[in-house]
Amino acid sequence: MNELKNSLNGTGLKVAIAVARFNEIVTDKLLDGALRQLQILGVDEKDITVAHVPGAFELPGICRRMADSNKFDAVMALGAVIRGETGHYDVVVNNSTSGIAGIAAEGKVPMILGILTTDTVDQAMNRAGLKAGNLGCSWASTAVEMANLYKQI
């Protein structure tokens with residue numbers, strides 16, 4: 001039996017992060033957590049590329065370009081969609097997540113879905129490190145682990 005080994009060693013990996021500016025009070029914290037964790041895992045700052053886009057709806061487009069560029073070992077999409085009083089939330093969540101999932105399913109590069117979907121700002125802030133852990137850190141660890149798994153195949 002041949003078993004692929006999980007590794008959180010980010011040395012030599014190139015990681016792209018697309019981050020939505022909308023709800024930036026949350027997404028800035030997610031980005032900070034992701035950057036901090038990538039560096040803890042050994043990813044060199046010069047090997048991290050960050051692209052800011054207007055909102056979560058724009059994430060799949062830039063992530064597609066990043067994945068297709070063959071420049072990165074993993075691509076992360078960070079955003080926060082907070083439910084409002086209209087149906088816009090459902091449109092943005094459904095389209096952004098399905099767009100990211102489509103890129104991931106192609107299997108060219110690990111595509112990490114880091115879009116918070118919450119009912120309130122408080123819930124989003126809690127998941128961005130205010131009370132509990134910062135999910136940006138978790139998603140960065142996932143990016144490194146998946147990049148290492150892909151390299152073994």
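The table that follows gives values for the structure above.
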quantity	calculated
Per-residue HN-Hα couplings for the stretch 91-106 [Karplus 6.51, -1.76, 1.60; θ = phi - 60°; Hz; x = Gly/Pro]	4, 5, 4, 4, 6, 5, 5, 5, x, 5, 4, x, 5, 4, 5, 5
Rh by Kirkwood over Cα pairs, then Stokes-Einstein D for the stretch 7-82 at 1.002 mPa s and 20 °C, µm²/s	171 µm²/s
Residue 36 versus residue 65: modelled label distance in nm, points set 7 Å from Cα along the beta carbon direction	3.0 nm
Label-point gap, in nm, between residue 132 and residue 86 - each point 7 angstrom along Cα→Cβ	3.0 nm
Qualifying trypsin sites (Lys or Arg not before Pro) in the stretch 81-138, DSSP loop, other Cβ atoms within 10 Å at most 10	131
Two-decimal log10 I(q)/I(0) for the chain, as the Debye equation yields it once each C-alpha is a single scatterer, q = 0.12, 0.16 Å⁻¹	-0.46, -0.81
Restraint check, 5/108; 14/151; 5/46; 71/108; 29/71, Cα-Cα greater than 23 Å	5/46; 29/71
Highest-fluctuation residue, 86, 97, 49 considered, GNM on the chain with Cα pairs under 10 Å	86
3J(HN,Hα) from dihedral phi, the stretch 57-63, Karplus parametrisation 6.51/-1.76/1.60, rounded to Hz, x for glycine, proline	4, 7, 4, x, x, 6, 5
Distant-in-sequence amide H partners of residue 50 (H built 1.01 Å from N, under 5 Å)	17
Estimated inter-spin distance, residue 51 and residue 101, nm [label 7 Å along Cα→Cβ]	2.2 nm
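Bear in mind that the values in this text are calculations on the coordinates, not laboratory data. Since this is a predicted model, take the numbers as computed values, not measurements. FYI the Cβ positions are ideal-geometry reconstructions off the backbone, even for glycines, and counts take in every protein chain you see.
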